[in-house]
Amino acid sequence: MLCAALCLTAAVGSASAVPATSSTATARAAAARQTAPPVLVDCLWHAKVRPGDFILACGDGNSRLVSLHWDTWGQGSARGTGVNVVNDCDPYCAAGHFHPYAVVVKLDRPQPWKKHPQVQHYSRITLTYLGDRPDQFGRVVTYPLWN
């Protein structure tokens, strides 16, 4: 009888320890998600943190960011500088020429990423042209980012 009571106590003790460990692991995972910075999702659905380049026009590659240097990459926004290389598409895009324009890049509005809802991704990009800019662009342009 004593042996049966000890076995029952051991089984109950083990069963009650499992949820505590599981909830601790769950709490750690949730904390990691909250402290992990948002990512930038590229055209191939890869998550990037502080990328050196980024394609803005996924369909044809006629606008991309290169030589990116990030000053900040935080929970709410990221800010850096780089060059926006844009095809003038003159006389048409396949025969056009690429031109470089210095920009300040701001990423913001983090949201859960549909592919991995536990990961936050920046959902908006703003480019501020520091000097020359493409004729059809304003000094500041803002685009939604894909999800």
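Tell me, please, whether a residue that is under 22 Å from residue 138 (Cα atoms), modelled with pLDDT of 95 or more and in contact with a His (Cβ under 6 Å, 6 or more places away or on another chain) can be found in segment 72-81.
yes
Yes or no: segment 66-73 includes at least one residue that is free of Cβ contacts under 8 Å to residues at least 60 places away in the same chain, at negative phi, in contact with a Leu (Cβ under 6 Å, 6 or more places away or on another chain) and buried (at least 17 other Cβ atoms within 10 Å of the Cβ).
no
Can you name every residue in segment 88-147 that is hydroxyl-bearing (Ser, Thr, Tyr) and buried (at least 16 other Cβ atoms within 10 Å of the Cβ)?
Residues satisfying the conditions are 101, 122, 123, 126, 128, 129.
Every residue in segment 73-103 that is in a strand (DSSP E or B) and more than 20 Å from residue 42 (Cβ to Cβ), please.
Matches in segment 73-103: 99, 100, 101, 102.
The values are calculated or read from the model by the stated rules, or taken from the named source; none is laboratory data. Since the model is a prediction, treat every value here as computed from it, not as a measurement. Cβ sites come from the backbone with ideal geometry, for glycine too, and all protein chains shown count toward neighbours.
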